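*Asks:* I'd like to ask you about the structure that follows.
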Amino acid sequence: MPPKNKGKSKDENKSENGGKSKSNSNNTKLKPATSINVRHILCEKHSKKEEALEKLRNGSKFDDVAREMSEDKARQGGSLGWKVRGSLMQEFEKVAYELEPSSTASPKWAEAKTSEGYHIVMVEGRR
């Protein structure tokens with residue numbers, strides 16, 4: 001399991017939280033998950049991915065953009081369903097497991113590049 005301080009020294013961590021350790025912090029630190037409910041928009045070309053991102057930035061729903069622009073799983077709004085750790089491409093999985101869950105109406109997304117193309121990734125649930 002990777003270190004929780006993500007490469008920061010102990011002194012840096014103390015300065016960030018006043019020297020106290022936070023056992024149940026409300027910041028963006030996520031609890032470890034063994035599976036995620038994930039959606040994605042897959043685009044072969046960078047320009048198409050940028051066009052999809054622009055639609056998301058302008059307030060379009062994630063599943064609507066996926067149906068319109070994704071080159072994979074388009075009929076399901078980009079839904080891949082529940083995926084266990086180790087079942088996805090490494091580059092995709094690394095990004096997906098670091099994402100905070102969100103809804104298609106107000107998505108929090110990240111980007112991943114794999115041998116299949118450019119992915120815009122969104123997580124709906126973790127367990």
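The values are calculated or read from the model by the stated rules, or taken from the named source; none is laboratory data. All figures in this text were calculated on a predicted structure; none of them were measured in a lab. Every residue, glycine among them, receives a Cβ derived from its backbone with ideal geometry; neighbour counts consider all protein chains shown.
*Asks:* Can you tell me how many residues within segment 65-98 are touching a Lys or Arg at 6+ places or on another chain (Cβ under 6 Å) and not β-branched (Val, Ile, Thr)?
*Replies:* Selection size over segment 65-98: 4.
*Asks:* Please go through segment 64-78 and give me each residue that is hydroxyl-bearing (Ser, Thr, Tyr) and surrounded by fewer than 18 Cβ atoms within 10 Å (Cβ to Cβ), ordered by number.
*Replies:* none
*Asks:* Of the residues ASN5, ASN37, ASN24, only one is modelled with pLDDT of 95 or more, farther than 16 Å from GLY117 by Cβ and not in a helix (DSSP H, G or I); which?
*Replies:* Only one candidate qualifies: ASN37.
*Asks:* To continue, here is another question. With the condition kept exactly as written, say whether any residue in segment 71-78 is in a helix (DSSP H, G or I), within 15 Å of ILE120 (Cβ to Cβ) and touching a residue at least 60 places away in the same chain (Cβ under 8 Å).
*Replies:* Looking through segment 71-78, none of the residues is in a helix (DSSP H, G or I), within 15 Å of ILE120 (Cβ to Cβ) and touching a residue at least 60 places away in the same chain (Cβ under 8 Å).
*Asks:* Of all residues in segment 95-126, count the ones that are in contact with a Leu (Cβ under 9 Å, 6 or more places away or on another chain) and either in a helix (DSSP H, G or I) or aromatic (Phe, Trp, Tyr) (or both).
*Replies:* The number of residues fulfilling the criteria is 4.
*Asks:* Considering only residues that are over 22 Å from SER103 (Cβ atoms) and surrounded by fewer than 11 Cβ atoms within 10 Å (Cβ to Cβ), which ones fall in segment 45-63?
*Replies:* SER47, the sole residue that qualifies.
*Asks:* Next up: When residues of segment 89-116 are filtered for being surrounded by 13 or more Cβ atoms within 10 Å (Cβ to Cβ), over 17 Å from LYS45 (Cα atoms), over 9 Å from the mean Cα position of the chain (by Cα) and touching a residue at least 24 places away in the same chain (Cβ under 8 Å), how many remain?
*Replies:* Qualifying residue count for the region: 3.
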